[in-house]
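Since the structure comes first, as structure tokens, the remarks are kept for the end.
No value in this document is a laboratory result; all are computed from the given coordinates. Computed from a predicted structure; not experimentally measured. Every residue, glycine as well, gets a Cβ built from its backbone with ideal geometry; the counts of neighbours run over all protein chains shown.
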Amino acid sequence: MAHNQDPVAAWRKQVHEEAGGRCCNCGSGDRLQVIMIVPEEAGGQLTVSNGRLLCRACEMAAEAVKAEKNKEGRRIVQLWVSQRLHKDIKGAVKQQNGFRSMSQLARYLISRYVSDERLYDDLVEYKDVAIDPVKINVWVDREAYDEFRAKLKEKSITVQDGLTGLLRMFEAEAASIVEGGKTCHQ
């Protein structure tokens, strides 16, 4: 590090570069923050290995886990959904059918992918489909999230892209069922 450069700024830059400009948890490139793993007041050093690059959702999730010990098994995930799907899910609460929340749908899709990833061989096809997006945060089971993340990592897909793709796939398949004269209820 240069002597005239702020050591904290230089450390943040190094951690950011080491992480490739992506959240180390979910792979997002939005609203990133360098976080010190072991705080300086607890003996932490300004080393790359003592830093993590996190998006706002993952940082909030980490803070929420610390603040709420009774929710250790949960994790927040940030994702994009179409306004149509968001509206349909919100409407399902009033109609008493379908998934009751985006979190419930996300948890279901993660569990399906983890139990049989062959169901989603065309996941990559859906992750980049243009939609009129709504950005939301959902709570999912930490253990299922970790397994989901590991399987997606094998395919070089971020959690955010993977879950967004699953939601888009779900929406496309549900629309084709409804158009075919059937209804889709969970």
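Okay, here's what the table says:
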{"read-out": "Residue order, fewest to most beta carbons within 10 Å, for Glu40, Glu147", "value": "Glu40, Glu147"}
{"read-out": "Neighbourhood charge, 9 Å Cβ-Cβ cut-off, centred on Val114 and excluding it, Lys, Arg +1 and Asp, Glu -1", "value": "-1"}
{"read-out": "Residues Val34, Val159 arranged by fewest to most Cβ contacts within 10 Å", "value": "Val34, Val159"}
{"read-out": "Virtual spin-label span in nm between Glu17 and Glu117, 7 Å along Cα→Cβ", "value": "3.2 nm"}
{"read-out": "Relative exposure of Arg56, Arg31, judged by other C-beta atoms within 10 Å (fewest first)", "value": "Arg31, Arg56"}
{"read-out": "Label-point separation, Ala9 to Val48 (7 Å along Cα→Cβ), nm", "value": "2.1 nm"}
